[in-house]
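Before anything else, here's the structure in question.
The values are calculated or read from the model by the stated rules, or taken from the named source; none is laboratory data. The model shown is predicted, which means the values in this text are computed figures rather than measured ones. Glycine gets a Cβ as well: all are built from the backbone with ideal geometry, and neighbour counts include every protein chain shown.
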């Protein structure tokens, strides 16, 4: 055999034991069959780096290799790479060699690859009217559950007792599934907050599922804006009513109401209408904040123009 094991692992001949082990860990993870299912090239590379580590990772075998080079096997009388890794044959116990490297046997490696329950995050958009009354949404999404065949390990026992790639998940340990969950959104729920649905997430090896977290987004409204538990609306007030005082109609989230405007009201001034806003999560309804926007008529009659001129003259004299 004329392979350069140092080149296979990408280390120098003066590399210490730690460097060699680190290099092998990296390559073993990269080419492991669980990571590269149904990939003959990766499997061959995994076998090659395992063979190199079986020699360079053993002080005695490395010494023979350094001394005799490609003839070292003849000096050894044949090569067996160590427990669980038989190089002469074509069958490799991937679980054993990978497990022995990290201080565990093949069964321990199988147990160590446990998939934990995982949470899933999704979002839904609702209207202000739906938030005012409360609503429901059906949320559909894809998750990757732990494979029930191999419990998420990616491996099963073959008829020969060796570890083999799981036929269901093809070694990934995960299988795709579709979830469709109905979510109740209570009245008054705030924009950007999350609802938790226990057990709505992805399943782990233990059969338990993580949670589903649904972020609620409230779409913008043409009239109303939420300000915490209150609701803001802009109300047009004719300049005559703003000056003299009077009553105007005010839209509310569910209907309309009346608001008294005191004399001398200024543009931008806000009036609070108790309990006329959007529903509160804690119960009841928030207040409606009516923000005044004073309007001026574009077209005036001759009489209106005369009266305004007279008013303006009086203002100057005052």
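Give the residue, chosen from 125, 129, that is surrounded by fewer than 18 Cβ atoms within 10 Å (Cβ to Cβ), not in a strand (DSSP E or B) and not assigned by TED's automatic domain parsing to the domain that holds residue 252. Lay out the reasoning, then the answer.
On the way: 125 fails: not in a strand (DSSP E or B).
Just one listed residue meets the conditions, 129.
As an exercise: evaluate residue 302 against (1) within 22 Å of residue 127 (Cα to Cα); (2) more than 51 Å from the chain's Cα centre (by Cα) and give the number of the one condition it does not meet.
Residue 302 satisfies all of (1) within 22 Å of residue 127 (Cα to Cα); (2) more than 51 Å from the chain's Cα centre (by Cα) except (1).
Go through the stretch 283-304 and count every residue that is touching a strand residue (DSSP E or B) at 6+ places or on another chain (Cβ under 9 Å), in a loop (DSSP other than H, G, I, E, B) and surrounded by 12 or more Cβ atoms within 10 Å (Cβ to Cβ).
Within the stretch 283-304, the first condition is being touching a strand residue (DSSP E or B) at 6+ places or on another chain (Cβ under 9 Å), and the residues that meet it are 285-297.
Those still in the list that are in a loop (DSSP other than H, G, I, E, B) too: 286-287, 296-297.
Now restrict to residues that are surrounded by 12 or more Cβ atoms within 10 Å (Cβ to Cβ): 286-287.
Qualifying residue count for the region: 2.
When you check residue 229 against the structure, is it in the same structural domain as residue 294 (by TED's automatic domain parsing), exposed (fewer than 13 other Cβ atoms within 10 Å of the Cβ) and either touching a helix residue (DSSP H, G or I) at 6+ places or on another chain (Cβ under 6 Å) or within 24 Å of residue 285 (Cβ to Cβ) (or both), yes or no?
In short, no.
Return the residue satisfying two criteria in turn: it lies in the stretch 11-35 and is assigned to a loop (DSSP other than H, G, I, E, B) and farther than 30 Å from residue 169 by Cβ, and of such residues it is nearest to the chain's Cα centre (by Cα). Before you say what the answer is, go through the steps one by one.
Of all residues in the stretch 11-35, those assigned to a loop (DSSP other than H, G, I, E, B) come to 11-16, 32-35.
Next cut, farther than 30 Å from residue 169 by Cβ only: 11-16.
On the way: 11: 39, 12: 42, 13: 45, 14: 45, 15: 42, 16: 42 Å.
In this case the residue turns out to be 11.
Further question on the same structure: Could you list, in sequence order, the residues of the stretch 227-237 that are modelled with pLDDT under 95 and in a strand (DSSP E or B)?
Of all residues in the stretch 227-237, those modelled with pLDDT under 95 come to 227-229.
Scanning the stretch 227-237 gives a single hit, 227.
Give me the pairs: first residue in the stretch 146-169 and in the same structural domain as residue 38 (by TED's automatic domain parsing) and farther than 16 Å from residue 36 by Cβ, second residue crowded, with 23+ Cβ neighbours inside 10 Å and modelled with pLDDT under 90, beta-carbon distance under 9 Å, and six or more apart or on different chains, which are they?
Final answer for the pair search is none.
Kindly establish whether residue 214 is in the same structural domain as residue 195 (by TED's automatic domain parsing) and in contact with a strand residue (DSSP E or B) (Cβ under 8 Å, 6 or more places away or on another chain).
Values: in the same structural domain as residue 195 (by TED's automatic domain parsing): yes; in contact with a strand residue (DSSP E or B) (Cβ under 8 Å, 6 or more places away or on another chain): yes.
In short, yes.
Take the residues in the stretch 238-266 that are touching a helix residue (DSSP H, G or I) at 6+ places or on another chain (Cβ under 8 Å) and outside any strand (DSSP E or B), then tell me which one is modelled with the lowest pLDDT.
254
Within the stretch 36-43, does at least one residue satisfy the condition of being closer than 25 Å to residue 173 by Cα, modelled with pLDDT of 85 or more and in a loop (DSSP other than H, G, I, E, B)?
yes
Determine which single condition residue 187 fails, assuming it passes every other condition in (1) surrounded by 17 or more Cβ atoms within 10 Å (Cβ to Cβ); (2) in contact (Cβ under 8 Å) with a residue 60 or more places away in the chain.
For residue 187, the failing item is (1).
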